[in-house]
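J.: So that we are looking at the same thing, I have put the structure below in structure tokens.
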Amino acid sequence: MRKLAGVTMLLLASQAQAEWYETTGQAAIRNGDQAAARAQATEDAVKRALLFAGVSVRSVQQVTDGLLTQDSMQLKSHGEVQQVHLVSERASNGTFEVTIRADIVPGEAACPNVAYKKKLLIAPFKLKVPEQAVIGGLFELGKVSSELFNDKLTELSQSSWTQALPAPIDADKLSYNERQAISRQYGARYLLSATLNDVSLGETQGTNWQFWSDADRERFYHLQLSLFDLAEAKLLMQQKYQTSAIWRVRKTTALDPQYHRFWQTSYGQAAERVLDAAVLDVEEAIRCEPVVAELLQVRDNQVLLNLGSAHGVQVGDTFTLVHRRELNDNFGQTQALLAVTDMTVKVTQLSHEAAWAQSVDARLLANVQVGDLAQAAQKVVQDEWVEQESDGQ
């Protein structure tokens, strides 16, 4: 697996209100291919600079391609990324390391509350057709893929922090009560699940005349990933990723994905590139989502929120309270109706995943109940999911 890289940020003032971000990316050198490792390390470094600057990760490939093809190792663009310079590069102990310095102007549409992190549950990926894993002994491929995805997102993300679930979950098949139970049990709003739809072998590729080896064959890695908002019962993102690579392992040989040897193969490298792409997409999808806490306790003029220091909350942060009422529609489905109040609370005490907040004017929090919500005060509430409460209510 690719070695996880550290990050060193350097911010320097710029006349155009841009900031210089210095980041270091790393990639493993596989089969002596330093060019490929250099390209991956450069992409990793650019990715980190953009994410730390809070700009769109969709720019990563464009910037990376330009940096790699410029003789001067400098890219100029007219968007958020003004310049990218190659500071240094080196190969050592099987790893290629690249340090770049990027001049970035954050876009006007930067997400509010970017300092806060959302808790994301990651269910083990499952194999749609387990029989496909027989050749090669890839029965743990789904589980290990989710673990690697979790590691990559944890190491990269500025918008979320993760917790792995013990078993696969089909989020779209959960009832309202099941969603609420999971959300409250783990203190999380977002759930990621995925299925490996196809890990089968394709047609024979070329001719292999070695009597001790089977003919090379194409093998597929088709991943379908879903990101679900448990509170709103809505799908934030659903994406399919498809790749393939040559499988050069004998039918009778097991290649356990839990070991490094699997990820050094052409097939393992192709699978890892899919996971890299999926990590970027999930980070892009979740980073502008609202920061919402649930009230766990109500005590006179204080409330206990299920957000804490792990989410980036600090003493002094303010939240607006939101009433939540549950209604049954004509089809027997439970719906949550939200209404913003004029009550604001300020955080006074913090723990890892919880915080006590007190009314800013010390008044009693009338009609506030356990299960109501608290919205980060500076976040604009979306009209499509919130009903503004009138003064008469």
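The values are calculated or read from the model by the stated rules, or taken from the named source; none is laboratory data. Owing to the predicted nature of the structure, the values given are computational and were not obtained by experimental measurement. We place every Cβ from the backbone using ideal geometry, glycine too, and count neighbours over all the protein chains shown. What goes into the accessible areas is simple: the full protein's heavy atoms, side chains included, and nothing from ligands, DNA or RNA. Shrake-Rupley method; radii C 1.70, N 1.55, O 1.52, S 1.80 Å.
J.: Can F319 be described as at pLDDT 90 or above, over 19 Å from the mean Cα position of the chain (by Cα) and assigned to a helix (DSSP H, G or I)?
T.: Details: at pLDDT 90 or above: yes; over 19 Å from the mean Cα position of the chain (by Cα): yes; assigned to a helix (DSSP H, G or I): no.
No: the conditions fail for F319.
J.: Could you list, in sequence order, the residues of segment 117-150 that are farther than 16 Å from H260 by Cα, outside any helix (DSSP H, G or I) and charged (D, E, K, R)?
T.: K117, K118, K119, K126, K128
J.: Further, regarding this structure: May I ask you to list the residues in segment 246-268 that are under 23 Å from N150 (Cβ atoms) and touching a strand residue (DSSP E or B) at 6+ places or on another chain (Cβ under 7 Å)? Full working, then the answer.
T.: Taking segment 246-268 as the starting set, the residues that turn out to be under 23 Å from N150 (Cβ atoms) are 255-265, 267-268.
Passing the criteria: only Y267.
J.: Say we look at segment 322-334 and pick out the residues that are loosely packed, with under 13 Cβ neighbours inside 10 Å and either modelled with pLDDT of 95 or more or not hydrophobic (A, V, I, L, M, F, W, C) (or both); which of these is nearest to V292 (Cα to Cα)?
T.: Quick first cut of segment 322-334, residues loosely packed, with under 13 Cβ neighbours inside 10 Å only: 326-333.
Filter once more, so that each one left must be either modelled with pLDDT of 95 or more or not hydrophobic (A, V, I, L, M, F, W, C) (or both): 326, 328-330, 332-333.
On the way: E326: 17, N328: 23, D329: 24, N330: 28, G332: 26, Q333: 23 Å.
Result: E326.
J.: Taking S266 and the conditions (1) touching an Asp or Glu at 6+ places or on another chain (Cβ under 8 Å); (2) open to solvent by 20 Å² or more (accessible area, probe 1.4 Å), which numbered condition does it fall short on, given that it satisfies the others?
T.: (1)
J.: Could you list, in sequence order, the residues of segment 151-189 that are of a type in the set (V, I, T), assigned to a helix (DSSP H, G or I) and over 19 Å from E326 (Cβ atoms)? Give the derivation first.
T.: Kept after step one, since they are of a type in the set (V, I, T), are these residues of segment 151-189: 154, 162, 169, 182.
Then keep just the ones that are assigned to a helix (DSSP H, G or I); that gives 154, 182.
T154 - this is the single residue of segment 151-189 that is of a type in the set (V, I, T), assigned to a helix (DSSP H, G or I) and over 19 Å from E326 (Cβ atoms).
J.: Of the conditions (1) in contact with a helix residue (DSSP H, G or I) (Cβ under 8 Å, 6 or more places away or on another chain); (2) touching a residue at least 24 places away in the same chain (Cβ under 8 Å); (3) not β-branched (V, I, T), H311 clears all except one; give me its number.
T.: Status for H311: all satisfied but (1).
J.: Return the only residue of N177, N150 being touching a residue at least 24 places away in the same chain (Cβ under 8 Å), of a type in the set (S, T, N, Q) and farther than 24 Å from A374 by Cβ. Lay out the reasoning, then the answer.
T.: Working: N177 fails: farther than 24 Å from A374 by Cβ.
It is N150.
J.: Just to be sure I understand the filter: pairs with C-beta atoms under 7 Å, separated by 6 or more residues or on different chains, first member in segment 29-42 and in a helix (DSSP H, G or I), second member at pLDDT below 85 and open to solvent by 40 Å² or more (accessible area, probe 1.4 Å). Which pairs pass?
T.: A39/L68; T42/L68
J.: Also, I was wondering about something else. Restricting segment 361-392 to residues that are part of a loop (DSSP other than H, G, I, E, B) and charged (D, E, K, R), which is modelled with the highest pLDDT?
T.: D372
J.: Working only within segment 113-147, note down all residues that are open to solvent by 60 Å² or more (accessible area, probe 1.4 Å) and within 16 Å of L223 (Cβ to Cβ).
T.: K126, K128, P130, E140, K143, E147
J.: Report every pair of residues separated by at least 6 positions or lying on different chains whose Cβ atoms are under 6 Å apart, first residue within segment 212-230 and open to solvent by 40 Å² or more (accessible area, probe 1.4 Å), second among the aromatic types (F, W, Y) and at pLDDT below 95.
T.: R217/W247
J.: Related question: Quick check on segment 271-287. Is at least one of its residues over 19 Å from the mean Cα position of the chain (by Cα) and at pLDDT 90 or above? Before the answer, list the steps.
T.: Our first condition is that a residue be over 19 Å from the mean Cα position of the chain (by Cα); within segment 271-287, this holds for none.
There is no residue in segment 271-287 that is over 19 Å from the mean Cα position of the chain (by Cα) and at pLDDT 90 or above.
J.: Can you pull out every residue in segment 340-360 that is open to solvent by 90 Å² or more (accessible area, probe 1.4 Å) and not in a strand (DSSP E or B)?
T.: Scanning segment 340-360 gives a single hit, H352.
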